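Each remark here refers to the structure printed beneath this line.
The values are calculated or read from the model by the stated rules, or taken from the named source; none is laboratory data. Owing to the predicted nature of the structure, the values given are computational and were not obtained by experimental measurement. Don't worry about glycine lacking a Cβ; one is built from the backbone with ideal geometry, like all the others, and counts go over all protein chains shown. Ligands, DNA and RNA are excluded from the accessible area calculation, which covers all protein heavy atoms including side chains. Shrake-Rupley method; radii C 1.70, N 1.55, O 1.52, S 1.80 Å.
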Amino acid sequence: MGVVLVFLCLLITSLTAQDTTGVATLAGRLLDAEQAPVAGRRVCALEAQRCDTTREDGSFRIADLRPGSYTLIVTLDNNQELKSEQVEARAGVEASVLITLPKITAVEQSITVTDRVFLPPEEVKNSGYLVGQREIFKSAGALQDVSRYVQTLPGIAIGSDDFRNDIIVRGGSPLENLFIVDNIEIPNINAFANFASAGGTVALLDAALIQDVTFLTGGYPAPFINRTSGVLQIAQREGDREQFRGRATLGFAGAGTILEGPIRKGKGSWVTSIRRSFLDFFTNNIGFGGVPVAYTYNAKVLYDFSPKDRLWIANVSGNDRIRLGLAEGNTDLTQEINNFDIRYNGWRSATGLNWQRLLGERGVSLLGLTHSEARIRSNVKDLVRFGLPPPNQPVAEQIANAPTVFRESSAEGESTVKYDLTAYLPGFDKLQTGGSFKIFRPAYNTASPFGRDTPFSLVPGVNRFAVNTSFLAYQSGLYFQNTRNFGGRINLTWGGRFDNYQYVSSSRFSPRVGLSYRINERMSWRASYGAYFQQPFFLFLAVFPENRGLIPWRADHYVTGLLYTISSSVRMSAEVYQKDYKDYPVSLQFPTLSLANVGDTFDVSSLLFPLTSAGRGRVRGLEIFIEKRFSEKWFGQANFSRQRARQAGLDGIPRPASFEYPYIFNLVGGYRITPKWELSLRTAYLTGRPFTPFNLVESARQRRPIFDLSQVNALRLPDYFRLDMRLDRTFTVRGKPLLVFFGAQNVTNRKNIAGFTWNRRTNQQIANEQLGLFPLVGLDWRF
């Protein structure tokens, strides 16, 4: 009869952030046959030669482990050592185990591992979710895009339409999210992006290289800087340390190849991915005047210089181009997009060098150097700016004669040096501290020579601008955080950060605190509070002189909730939250317009107007989440959210926020029918988002969209519903697995409405339909 090591627990619904120093933790409890805690016994991770002694409640914690596999050793009364099979430890998450000693006089020299689960670091108390590579790569509707998958998590909603992958967190603007990949802060992880947005159409990241994703939606701790809604942290996997391998993929993002292999007999590894879209090989127009073309490049090199020193370099890059608007064969004049000729070309790259050093029993440090660059060139011509073209005029002539209403040839650069330290000191338990220094190099050359025919104004052509400027800006920050246990039930995390925003001459202190209380073995209560600040993007600050007076806006997060373990693979949570905004940028000209209500658009010029820091807002909500982690046959998660979001412009009147979805329901799951067949489904239901109707009489008179400002966000779009399906079939080709998948988004072909536009050519209101039935096919072959 053996000692049984049971990995209790499944995924905590509040699964959260990867540790800032990129290390792993193995923790748990040692119990006897009567389930009483066993104190004073040594539990060790053999390969790391790191141990801990169980406390009065039987708990132990082996921290600061390199990600990898470890053999656990338990030392009994007679100094007999029992070994387990290897247990996986992942960067930044905590593997939780329960060791039960049976009532016996002699035991076998082994420990049996029966279940595995990864729990959050103790310093994160609420609103965090762990996503594995399998869910992103295989889930229906995710399109192997991390941003599209996290749209299914509690309180998260899509943006303006299905073509974009914006992340709307608890009613906040998509501009409010922070992206971190392997300790590299990346301004935008998507292709077809601009400097005034945080979304795009597809991710630059190859899902096949992702190991874990942790997404924080509120109350996150002190190390995270300069975003007021969410933090998306992504850990990419290592390459193979034993042999050279390859992989060919085909999917929504394009066709690609992954290559990987060892460095110096397993002391390190490398992995790289190259992908390219392929629709342009078959057509030059997929219905909106062109075809998107995108290349993405991912790479990671890791090397262990010593048992204490690890170095890794990671890069995420991409370049893309697209043409939109009127074209031969695309002359549907009921679509407003066909009144334009839009050309876009973008490039972005982020590279990080990280040195991690284990400090023995004292802790771990991580030094990071990051550099990112982005360049965008775009040109927009308005074919009906000066009236309707003559009937039957060739498309090429219409484009040649049209004026340029917006142009951009701009760049942004950002360099960061960052240091994080986790230490274990007497009287402090776990202490985390660190800081960063950033240098920004924006270079903007952009113009809107005719101004903007904004629907908020009865007067056309407002806010003309021409900007040709480059400058340096700096930002620095320091943080401190302490996590302590009080008895066996209470865990407290407290701290704060100080940030200086040189360009806007502002400094801010952000307190953070979190508390958890273990009610019993199945249930815990958690609460957190934090103040968060965010500087407006440099493009907003540079375009109009008035905008130099903007200051960082503030969001205060209040979150509390319960976590309940239903079984060893199922947990659920319920949380309530409140998010209070202050000093949000709002329009100086249009009293009802707040920057909090924009952001999910490709139309950069619609986001640029004179601003002042006078906006206020509040979001309140309830979220219920249940998840079944994958085990043998199936996985699934379901969540329900209720929210109320209000934002006020310069007039101070709270109105429904543009990103308020009062009710959200998501259901995602997959089932392994046989070893060769798998099925996955996704269902999403959202109540309609607010919108402002047009003043039909005035819009028709001026042949352009003009809002009815007596009904700002007073009406709602029809409810949104979508059902996605995917079927996977695994074959064997030359002894290697070949995965082929088929599926469809919106299999019911529901006509979801993204919003309304005013077609200036036909002089009528047009409903913009979301993506209809969209078939998908792809493959993944490992060679």
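For a quick protection proxy, order the peptides 147-159, 240-252 by their average other-Cβ count within 10 Å, most packed first.
147-159, 240-252
Multiply the residue gap between Lys736 and Gln35 by 0.36 nm, knock off their C-alpha separation, and tell me the result in nm, one decimal place.
247.8 nm
Kindly report the accessible area of the range 397-467 per residue (heavy atoms of protein chains, probe 1.4 Å, no ligands, DNA or RNA), in Å².
Here the per-residue accessible area is 41 Å².
Report the local net charge at Pro391: Lys and Arg +1, Asp and Glu -1, summed over other residues whose C-beta lies under 14 Å from its C-beta.
Summing Lys and Arg as +1 and Asp and Glu as -1 gives 0.
Between the range 24-48 and the range 372-425, what is the C-alpha centre distance in whole Å?
57 Å
Taking 8 Å as the Cα distance limit and 6 or more residues as the minimum spacing, I'd like the relative contact order of the chain as a percentage.
11 percent
Pop the C-beta distance of Thr748 and Gln80 into the FRET formula with R0 = 56 Å and round what comes out to the nearest 0.05.
Computed FRET efficiency for Thr748 and Gln80 comes out at 0.35.
Extending each Cα 7 Å along its Cβ direction at Glu328 and Gln764, get the distance between those two points in nm, one decimal.
2.9 nm
What net charge is computed for the residues neighbouring Ile210, neighbours being all others with C-beta under 15 Å from the C-beta of Ile210, Lys and Arg scored +1, Asp and Glu -1?
0
Output the relative contact order of the range 653-783, whole-number percent, from Cα pairs under 8 angstrom with separation of 6+ residues.
Contact order relative to length: 21 percent.
For every helix of n ≥ 4 consecutive DSSP H residues, a contribution of -39,500 (n - 2.57) applies; sum these over the chain, divide by its total residues, and give [θ] at 222 nm rounded to the nearest 500 deg cm²/dmol.
Per the formula, -1000 deg cm²/dmol.
Through the Karplus equation 6.51 cos²θ - 1.76 cosθ + 1.60, θ set to phi - 60°, convert the phi angles of the range 288-296 into ³J(HN,Hα) values in whole Hz; use x for Gly and Pro.
Ordered by residue, 3J(HN,Hα) equals 10, x, x, 9, x, 10, 9, 10, 10 Hz.
Work out how much length Arg782 to Asp719 would gain on full extension: take 0.36 nm times their residue separation and subtract the Cα-Cα distance, in nm to one decimal.
Stretched out fully, the Arg782 to Asp719 stretch lengthens by 18.5 nm.
Run the reach check for Lys83 against aspartates and glutamates, Cα to Cα strictly under 19 Å, same-chain hits fewer than 8 apart removed. What comes back?
Asp32, Glu47, Asp52, Glu108, Asp115
Could you tell me which of the pairs Lys676/Lys736; Lys579/Lys628; Lys125/Lys430; Lys308/Lys430; Lys308/Lys438; Lys125/Lys582 are separated by over 18 angstrom between their Cα atoms in the structure shown?
Cα-Cα > 18 Å for Lys579/Lys628; Lys308/Lys430; Lys308/Lys438; Lys125/Lys582; rest within.
Please work out the Cα center distance from the range 458-516 to the range 644-707, rounded to the nearest Å.
Measuring centre to centre over Cα atoms gives 28 Å.
Quick one: grab the alpha carbon gyration tensor of the range 129-246, order the square roots of its eigenvalues as a ≥ b ≥ c, and give me rounded if a/c is under 1.5, else prolate or oblate depending on whether a/b is larger than b/c.
Because a/c hits 1.5 or more and a/b exceeds b/c, the range 129-246 counts as prolate.
For the range 647-695, which trypsin sites (Lys or Arg not before Pro) are both in a DSSP coil and crowded by at most 15 other Cβ atoms within 10 Å?
Sites meeting the loop and neighbour criteria: Lys676.
For the charge dipole of the chain, defined by +1 on Lys and Arg C-beta atoms and -1 on Asp and Glu C-beta atoms about the Cα centroid, which residue among Gly325, Leu388, Ala767 has the Cα displaced farthest towards the positive pole?
Projecting each Cα onto the dipole axis, the largest value belongs to Leu388.
Classify the chain: rounded, prolate or oblate, from the alpha-carbon gyration tensor (a ≥ b ≥ c, eigenvalue square roots; a/c under 1.5 rounded; otherwise prolate if a/b is larger than b/c)?
Prolate, since a/c reaches 1.5 and a/b exceeds b/c.
Under the 0.36 nm per residue contour assumption, what length would be gained going from the current alpha-carbon distance of Glu56 and Phe244 to full extension?
Working it through step by step, the gained length comes to 62.9 nm.
Cβ under 12 Å from Trp355's Cβ, Trp355 left aside: what net charge do those residues give with Lys, Arg +1 and Asp, Glu -1?
Result for the local shell: +1.
Can you tell me, using C-alpha contacts under 8 Å and at least 6 residues apart, the relative contact order of the range 45-102 as a whole percent?
Relative contact order, the range 45-102: 28 percent.
Using the Karplus curve 6.51 cos²θ - 1.76 cosθ + 1.60 with θ = phi - 60°, work out ³J(HN,Hα) for each residue of the range 475-491 in order, rounded to whole Hz, and write x for Gly and Pro.
Running phi through 6.51 cos²θ - 1.76 cosθ + 1.60 with θ = phi - 60° gives 8, 10, x, 9, 9, 9, 8, 10, 10, 9, 9, 10, x, x, 10, 10, 10 Hz.
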